[in-house]
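Reading through the structure tokens given below for one structure.
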């Protein structure tokens, strides 16, 4: 008999779908999907069949397509099918045939699901597929997440056959005399998964004939351990992450206190695209000089004195621009600068983004540029000069933000104002000032 009771129990225990759900069953025509289809029919679920012809095996692929159509007619359920030019798709997208077939089928399954209002897509993966996936992941080094194998449910994708092994499925096929088709490519060991299936797993089963059950137990432990780890990482984010606009800050001391350090820091940084190799480099740099930067695809991490700063990657520096005497405003690098003139010695107070300068001391054209190594100025209130690098340290300006701070530079090369921070003492408004120029800075992006 078909194991209908075990099938429905597995569906309920893993909350795959309900008795009233409408399910799209992916059917290749092989043993696994044929058993899955007959279980759906015997259990009385509402379902339709979907079959893809990847046009890779000529007449054999057409025969498989016809078989699946006949199966749908035999069971009295809807049949959906399509043909793909898989080789062309792989070539156009510069990916392998296997990856092309995967992308094409899952995208099409989702289109059919939405078009015909199916609640989920059922796939015929079983216990041995999970074993193969874990071994592949261990070989490729995917970390702890790769050890949970194939999940019973992943979004709208459900796998109701994970309670059966390949031997169980083969036995059901024989006992029930169920017709199926055999994909000749399954016998080829040029594919990594097939090599594991035909050469590696049989050797492991010589060591442990009960391999499927052993892996099933291990999987449960791996998934529980992964849940514990994810809970710990969520707690850590709440404890050590500090959010500032589009940045995340972590104190160096908090990172040093992580245990196990590599695993936890990797899990914290993984959503930002940082690899385990980069995490090793970050850890080895914690006791070194500040200023090192590490990059993922879209983020950068800066080791800034007493903290790590995660920020989106962007080109924060900008090209110098000129400011002429008649200009009343200037747009540059995400800033707008307004220039006002007044015949009274007006001093702007309580606004770090605005400054009053003695207009008679200005030599046009002025230049607006980012800082450079060796820059010095006389901070307001001081009669001695100071390096900008030291000034930034004293003001605790994050290392990655220094390049985006605009400096207004006089025609003689003097720095007049560090935009948003401090004017130069030599250009301040004094009792001898007759008229002022007011610079007012706005951040527009």
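Bear in mind that the values in this text are calculations on the coordinates, not laboratory data. Quantities reported herein were computed from a predicted structural model and do not represent experimental measurements. Neighbour counts are summed over all protein chains in view; Cβ atoms, including those assigned to glycine, are modelled from backbone coordinates with ideal geometry.
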Dimensionless Rg/Rh of region 1-131, both radii on Cα and Rh by Kirkwood, sits at 0.98
Residue separation between residue 412 and residue 298 times 0.36 nm, minus their alpha-carbon distance, gives in nm 37.1 nm
As a percent rounded to 5, the proportion of antiparallel DSSP bridges among beta bridges in region 4-221 is 10 percent
In degrees rounded to 10, the 0-90 angle between helix 166-176 Cα long axis and the longest Cα principal axis of the chain is 40 degrees
Descending packing, highest mean Cβ count within 10 Å first, for 432-439, 64-71, 321-328, 195-202 is 64-71, 432-439, 195-202, 321-328
Computed over the chain: longest principal axis from alpha-carbon atoms vs helix 127-140 long axis, angle to nearest 10 degrees, is 40 degrees
Ranked from fewest to most other Cβ atoms within 10 Å of their own Cβ, 288, 401 fall in the order 288, 401
A correct fewest-to-most ranking of 440, 182 by other Cβ atoms within 10 Å would be 182, 440
Output ordering of 419-429, 348-358 (per-residue mean of other Cβ within 10 Å, highest first) is 419-429, 348-358
Rounded to whole angstrom, the alpha-carbon centroid of region 347-422 lies from that of region 273-323 at a distance of 25 Å
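Subtracting the Cα-Cα distance from 0.36 nm times the residue separation, let me have the gained length for residue 353 to residue 85 in nm, one decimal.
The residue 353-residue 85 span can extend by a further 90.5 nm.
Kirkwood hydrodynamic radius of region 216-341 from all distinct Cα pairs, in Å?
17.4 Å
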Shape descriptors of the chain over alpha-carbon atoms, Rg and Dmax in angstrom, are 33.0, 106
If the label point sits 7 Å along Cα→Cβ of residue 290, residues of region 396-431 with amide N under 16 Å come out as 396-404
per DSSP, antiparallel bridges as share of beta bridges in the chain, % nearest 5, sits at 75 percent
Scattering profile of region 4-221 from the Debye formula, Cα beads only, expressed as log10 I(q)/I(0) at q = 0.17 Å⁻¹, is -1.44
Cα-only Rg/Rh for region 242-312 with Kirkwood Rh rounds to 0.91
Taking 0.36 nm per residue of separation between residue 116 and residue 217 and subtracting their Cα-Cα distance, the length gained on full extension comes to 32.6 nm
Sorted on mean Cβ neighbours within 10 Å (highest first), peptides 226-235, 28-37 come out as 28-37, 226-235
Expressed in nanometres to one decimal, the distance between label points 7 Å along Cα→Cβ at residue 229 and residue 70 is 4.8 nm
Among region 200-226, those whose backbone N falls under 15 Å of a label point 7 Å along Cα→Cβ from residue 138 are 200-223
With label points set 7 Å from each Cα along the Cα-to-Cβ direction at residue 92 and residue 338, the distance between them in nm comes to 5.2 nm
Region 172-260: Kirkwood hydrodynamic radius (Cα pairs, Å) comes out at 18.4 Å
Using alpha-carbon coordinates alone, the radius of gyration and Dmax of region 321-443 in Å work out to 13.6, 39
Taking Cα atoms only, helix 4-13 is inclined relative to the longest principal axis of the chain by an angle, in degrees rounded to 10, of 20 degrees
Most exposed to least, judged by fewest other Cβ atoms within 10 Å, 246, 183, 342 sort to 246, 342, 183
Once both label points are put 7 Å beyond Cα along the C-beta direction, the residue 103-residue 1 separation in nm becomes 4.7 nm
So for R0 = 51 Å, FRET eff. of residue 318-residue 57 from the Cβ-Cβ r, to 0.05, ends up at 0.35
